[in-house]
Every structure is written in structure tokens, then in C-alpha cells.
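One structure is given below, encoded as C-alpha cells.
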Amino acid sequence: MAIAAMPFAATAQEGYPSRPVKIVAPQGPGGGVDLVARMLAERLQRALGQPFVIDNQAGAGGAIATRMVAHAPADGYTLMIGYVATHATNPAVKRNLGYDAVKDFTPIAMIGGTPNVLVVSRALPVNTLAEFVVYAKANPRNVDYGTSGVGTLNHLVMEQFKHASGVPSLAVPYRTIAQAFTDAMGGQISVVFPGLAAALPHIRSGAFKALAVTGNERQPVLPEVPTFKELGYEGFNGLTWYGVVGPAKLPEPIVRKLNEEINKLLATASFRDALKAEALTVMPMAPAQFGSYIADEIAHWTEVARASKIEAE
């Protein structure tokens, strides 16, 4: 019976997809994960001839949706936008996630990422990162920073900077980064270290001053803002990144087909430009390369969390 079923399984995989595919977005509508999911789904639907339907599932920093996908059938019809929270920072700081970000998933394709940017309120009397470090050490009570929760990327990357610079800043957790922005603009806190895509409108409006970005290169949307590396701070490569994953043990032909199609899309000027407009840089990878990237991310942020003694429920 098993031998007889093999040709049918191979044919099913070759004809994939033959029905609608669900892409789980482990965030509510309107966030970066949702935006990337919808941009990708629209293009995959045109390329592969079947509906790609977005299923938004917010809660527990993405852990609820991620657990669900980990236990979904490994048939290619339930995929997920795995991103830096679900597959890097959450595993680094949370003990009881209910899933293993490496063992329980099949890496399919990386889409892209946006750097984080250290911003300060207009009221803070500094214009460069060096001036900020001097000011913060002299005025430690004036440089509280906002995060979107304990153990999130914007929390961990600021803790990394505190260790590297000696800045004595206090973390103030919020439910969302938007709430942190509001208090920073209102003067309740002075510093935020968010993803560039989220911060860009406020930088352009003049509400925030951008001091430095993570990553190895300056960003075309903020060419005047230096990288941490330029300023002498090594190892600041944190990105808010997005990719596509599925349950563990997805059939290799399906993984290969999805990876090839997504990388074709990333090579088109229209998709690159659409992502660039959201401050996202494309990062095409083979499945194995994406899997290694996830493992490296978990290891890096686990080290940062341990150094800062950060652990979340």
C-alpha cells in the first residue's frame, strides 16, 4: 500500500498548489507582518494560480499562531510569515513557548528586513550618537527608553547598546511600539530603538532625531544617518526580518517550488520597490541558508538576553 501511494504523493506535490493556501500572519492587521504577508500573497496568487489567504492571529507576541502552525499538517497548505519575534527573540527569552523555532518548522524563504534605528525626542539636546552617550551618562534620569515589551527586538538591541556604551538607561515596556512613540513625543520618555519602517514617518515629520542604524550599510531612505559600525560599535546587525516557514517535514518539492517562486518575485523590480517603500531590503536565500540564519539569530539574541538577565513569561 505504501509503495502504491508513492506515485500519488509525488503527483500531488508536482501539482502544488491545487487548492487555496493559508498564510498565517502572527500579528493583527496593519502591522509589518500583515503588510509583508499581503504583499507576498497577492503576488504568489498570480504566479501559482491559487488563492493565498491571509489568516491574522495576534496574541502572546506571535506565539499562539506559531504553535498552531507548528502542529499543522505538513502539506504546504498552511504557511506562516516567520519573523524576528517568532523565530529569534521569543526563543531567546521565553522558556515556555510551546514550540521549537528550529525543530518544529521548515524554513522556506527569506523575504527581507529593515534595520533598527536609535531615535531620541526632539527635546533631548543631542544630535549625534557620541553626544547622546555623553549626555546619558551625565543625566541618567533623563534617558528612559520605551520598548514594545520585555524581550522584544527593540528591547534587546537597546540592552546590547547599553552594554557596549555604558549608557545607564532604564527600559519602560509598552504594549505596542506606537504607544512608546506617543510617550516619546510627549516627553514621558526620551529614547526608542524601533524598526526603521515603523520610525520613518516620525523621523521625516521631525518628531524624532535619528542617531544611528543597525546593519552594515547606510539606508537609502536615511542616507545622512550613520551605522553603529561606522561609529565604532561592532556587532550591531539586528534587523526586523520576515520570511516564510511551514511545519516541519514539508515535502522537499513543495519547499523548492515555493522558494524558487518567492526568489523570482524578489528579483522583480516591482516587488523590490514595493518593499523598499516600506524601508525593507530584499534578502533572498535558499531554504538551508534561511535555516542557518534563524539558528544564528536565536544564538545571538540568547547571548544578549543572558548578558542582560532578560527573561519573559
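Lys and Arg at +1, Asp and Glu at -1: add these up for the other residues within a Cβ distance under 13 Å of residue 270 and post the number. Don't skip to the end; give the middle numbers.
Values: positive: 43, 46, 264, 272, 276; negative: 42, 273.
Once positives and negatives cancel, what remains is +3.
Among all lysine pairs in the chain that are eight or more places apart or on different chains, how many have alpha carbons less than 14 angstrom apart?
Details: 94/309; 103/249; 137/162; 162/309.
Final tally of qualifying lysine pairs is 4.
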So how much slack lies between residue 296 and residue 144, counting 0.36 nm per residue of separation and subtracting their Cα-Cα distance, in nm?
51.7 nm
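Once the piece of chain linking residue 309 and residue 95 is laid out straight, how much longer is it, given 0.36 nm per residue of separation minus the C-alpha distance between them?
Stretched fully, the residue 309-residue 95 segment lengthens by 75.7 nm.
So how do 103-112, 176-185 stack up, highest first, on mean other-Cβ count within 10 Å? Display every interim value, and only then the final one.
Working: 103-112: 22.3, 176-185: 18.6.
Descending mean neighbour count gives 103-112, 176-185.
Can you give the FRET efficiency to the nearest 0.05 for residue 71 and residue 19, using r as the Cβ-Cβ distance and R₀ = 22 Å? Can you show the working numbers first?
Details: r = 20 Å, r/R0 = 0.91.
Computed FRET efficiency for residue 71 and residue 19: 0.65.
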Tell me, what HN-Hα J-couplings in whole Hz come from the Karplus equation 6.51 cos²θ - 1.76 cosθ + 1.60 at θ = phi - 60° for each residue of the range 264-277, using x for Gly and Pro?
4, 5, 5, 7, 7, 4, 5, 6, 4, 5, 5, 5, 4, 5
Give the long-range amide H neighbours of residue 80: residues separated by 5 or more places, or on another chain, with amide H under 5 Å away, using H modelled in the peptide plane at 1.01 Å from N.
24, 245
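Show me the ranking of peptides 256-263, 195-202 by mean Cβ neighbours inside 10 Å, starting with the highest. Mind showing how you got there, number by number?
Working: 256-263: 18.0, 195-202: 21.6.
The most tightly packed comes first, giving 195-202, 256-263.
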Over the range 117-213, what relative contact order in percent results from Cα pairs under 8 Å that are six or more residues apart?
47 percent
May I ask for the distance between the Cα centers of the range 74-136 and the range 248-313, given as a whole number of Å?
11 Å
CD proxy at 222 nm, helix term only [per DSSP H run n ≥ 4: -39500 (n - 2.57); per residue of the chain; nearest 500]
-13000 deg cm²/dmol
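Just need the relative contact order of the chain here, percent rounded to a whole number, with Cα pairs under 8 Å and 6+ apart. Please list the in-between numbers first.
On the way: 579 pairs, mean separation 82.2, N = 313.
Reported as a whole number, the value is 26 percent.
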Label model pair residue 207, residue 102: point-to-point distance (7 angstrom along the Cα→beta-carbon line) in nm is 3.9 nm
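Laboratory data are not the source of any read-out in this text; all were calculated from the coordinates shown. Keep in mind the model is a prediction, meaning the values are calculated, not measured. Reconstructed Cβ throughout: ideal geometry from the backbone, glycine too, with neighbour counts over all protein chains shown.
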